[in-house]
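Reading through the structure tokens given below for one structure.
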Amino acid sequence: MNIIETKLKGCLIIEPVVFEDQRGYFFESFNQKVFNELTGNNINFIQDNESFSFKGVLRGLHFQRGEHAQAKLVRVIKGKVLDIAVDIRKGSSTFGQHVSVELSGENKKQFFVPRGFAHGFIVLSDTVLFSYKCDNFYNKASESGIIYSDPSLDINWVLKNQEFIISEKDKMLPTIDKLEL
């Protein structure tokens, strides 16, 4: 497993070792002991989620507040997304900055998004099967987010705005300067 640090402290790209031959491929998608040793974290993932989406679906930018904050380890099983993490840690030198990574079934990269970050993605392929682990249970009362189009974030979502498919709830999210953290 190869760990790549990003410009946002704690956000990590993880490249697994993939074994391929005439039968196909095999890789260990997660090993708690190895993950914690290589990342320097002591994370205990307790919930796995999966979503299926069509091209242009934009999910995010989401996070959970307070004691219900979540760290996530995300990956694409089939298809391709542009995955985004935004630093929302008050007092952080990179507050309001984001990092993006292309995740696909082909590159098998994973993206670790620690607590203190908003997270979202846009589907670049016809369809995508997206999987993620969380270190805390979902709590509806603690859910929050940032509007995907916040001009201060200056996120390049790659696709044209008219291609976006966004939930009504996500269209109503505040800009980062209006967040209640």
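The values are calculated or read from the model by the stated rules, or taken from the named source; none is laboratory data. Please read all numbers here as calculations on a predicted model, not as lab measurements. So basically every Cβ, Gly included, is an ideal-geometry build from the backbone, and we count neighbours across all protein chains shown.
Under 7 Å between Cβ atoms, which residue pairs at least 6 apart in sequence (or on different chains) link something in region 10-33 that is touching a residue at least 60 places away in the same chain (Cβ under 8 Å) and under 30 Å from Val86 (Cα atoms) with a partner that is acidic (Asp, Glu) and part of a loop (DSSP other than H, G, I, E, B)?
So the pair list comes out as Pro16/Glu28.
Can you name the condition, by its number, that His68 falls short on among (1) surrounded by 22 or more Cβ atoms within 10 Å (Cβ to Cβ); (2) touching a residue at least 60 places away in the same chain (Cβ under 8 Å)?
Answer for His68: the failing condition is (1).
For region 109-166, give me every one of the strands (runs of 3 or more DSSP E) that falls completely inside it and has 1 or more residues that are closer than 14 Å to Arg75 by Cα and out of contact with any Ser or Thr (no Cβ under 6 Å at 6 or more places or on another chain).
Working: elements: 110-113, 117-123, 127-134, 143-145.
The strands (runs of 3 or more DSSP E) meeting that bar are 110-113, 117-123, 127-134.
Given the condition aromatic (Phe, Trp, Tyr), crowded, with 20+ Cβ neighbours inside 10 Å and in contact (Cβ under 8 Å) with a residue 60 or more places away in the chain, answer yes or no: does some residue in region 132-151 qualify? Quick ask: steps written out before the conclusion?
Residues of region 132-151 that are aromatic (Phe, Trp, Tyr), as a first pass: 132, 137-138, 148.
Remaining after also requiring crowded, with 20+ Cβ neighbours inside 10 Å: 132, 148.
Those still in the list that are in contact (Cβ under 8 Å) with a residue 60 or more places away in the chain too: 132, 148.
Yes.
Of all residues in region 147-169, count the ones that are within 20 Å of the chain's Cα centre (by Cα) and of a type in the set (Lys, Arg).
Count: 1.
With the condition kept exactly as written, say whether any residue in region 79-91 is in contact with a Lys or Arg (Cβ under 7 Å, 6 or more places away or on another chain) and not basic (Lys, Arg).
Keep residues of region 79-91 that are in contact with a Lys or Arg (Cβ under 7 Å, 6 or more places away or on another chain), which gives none.
Checked region 79-91: no residue is in contact with a Lys or Arg (Cβ under 7 Å, 6 or more places away or on another chain) and not basic (Lys, Arg).
Within region 71-93, take every residue that is assigned to a loop (DSSP other than H, G, I, E, B) and touching a residue at least 24 places away in the same chain (Cβ under 8 Å) and give me the one that is nearest to Gly56 (Cα to Cα).
From region 71-93, those assigned to a loop (DSSP other than H, G, I, E, B) are 71, 79, 88-93; that's our starting set.
Within this subset, residues satisfying the condition of being touching a residue at least 24 places away in the same chain (Cβ under 8 Å) are 71, 79, 88-90, 92.
Numbers: Ala71: 25, Gly79: 12, Ile88: 25, Arg89: 28, Lys90: 31, Ser92: 31 Å.
Applying the filter and picking the extreme gives Gly79.
Would you pick out the residues in region 15-35 that are over 15 Å from Ile77 (Cβ atoms) and either among the small types (Gly, Ala, Ser) or assigned to a strand (DSSP E or B) (or both)?
Going residue by residue through region 15-35, those that are over 15 Å from Ile77 (Cβ atoms) are 15, 17, 19-23, 31-35.
Result: Glu15, Phe19, Glu20, Asp21.
Looking for something over 26 Å from Lys171 (Cα atoms), touching a Phe, Trp or Tyr at 6+ places or on another chain (Cβ under 7 Å) and outside any loop (DSSP other than H, G, I, E, B) - is there at least one such residue anywhere in region 47-60?
In the first step, residues of region 47-60 are kept if they are over 26 Å from Lys171 (Cα atoms); the result is 47.
Next, from what is left, pick out any that are touching a Phe, Trp or Tyr at 6+ places or on another chain (Cβ under 7 Å): 47.
Then keep just the ones that are outside any loop (DSSP other than H, G, I, E, B); that gives 47.
Looking through region 47-60, at least one residue is over 26 Å from Lys171 (Cα atoms), touching a Phe, Trp or Tyr at 6+ places or on another chain (Cβ under 7 Å) and outside any loop (DSSP other than H, G, I, E, B).
Each row is one residue, and each column tells you yes or no for (1) under 23 Å from Asn156 (Cα atoms); (2) among the basic types (Lys, Arg); (3) more than 17 Å from the chain's Cα centre (by Cα); (4) at pLDDT below 95.
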| site | (1), (2), (3), (4) |
| --- | --- |
| Val18 | no, no, yes, yes |
| Phe26 | no, no, yes, yes |
| Asn31 | no, no, yes, yes |
| Asn49 | no, no, no, no |
| Arg59 | yes, yes, no, no |
| Gln70 | no, no, no, no |
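Based on this model, can you work out whether Gly96 counts as farther than 30 Å from Gly24 by Cβ, touching a strand residue (DSSP E or B) at 6+ places or on another chain (Cβ under 8 Å) and in a strand (DSSP E or B)?
Details: farther than 30 Å from Gly24 by Cβ: yes; touching a strand residue (DSSP E or B) at 6+ places or on another chain (Cβ under 8 Å): yes; in a strand (DSSP E or B): no.
No; evaluated as a whole, the condition is false for this residue.
Note down all Cβ pairs under 8 Å where the first residue falls in region 38-63 and is free of Cβ contacts under 8 Å to residues at least 60 places away in the same chain, the second is surrounded by fewer than 19 Cβ atoms within 10 Å (Cβ to Cβ) and not hydrophobic (A, V, I, L, M, F, W, C), and they're at least six residues apart or on different chains.
Once the first residue is free of Cβ contacts under 8 Å to residues at least 60 places away in the same chain and sits in region 38-63, its partners that are surrounded by fewer than 19 Cβ atoms within 10 Å (Cβ to Cβ) and not hydrophobic (A, V, I, L, M, F, W, C) give Asn42/Asn36.
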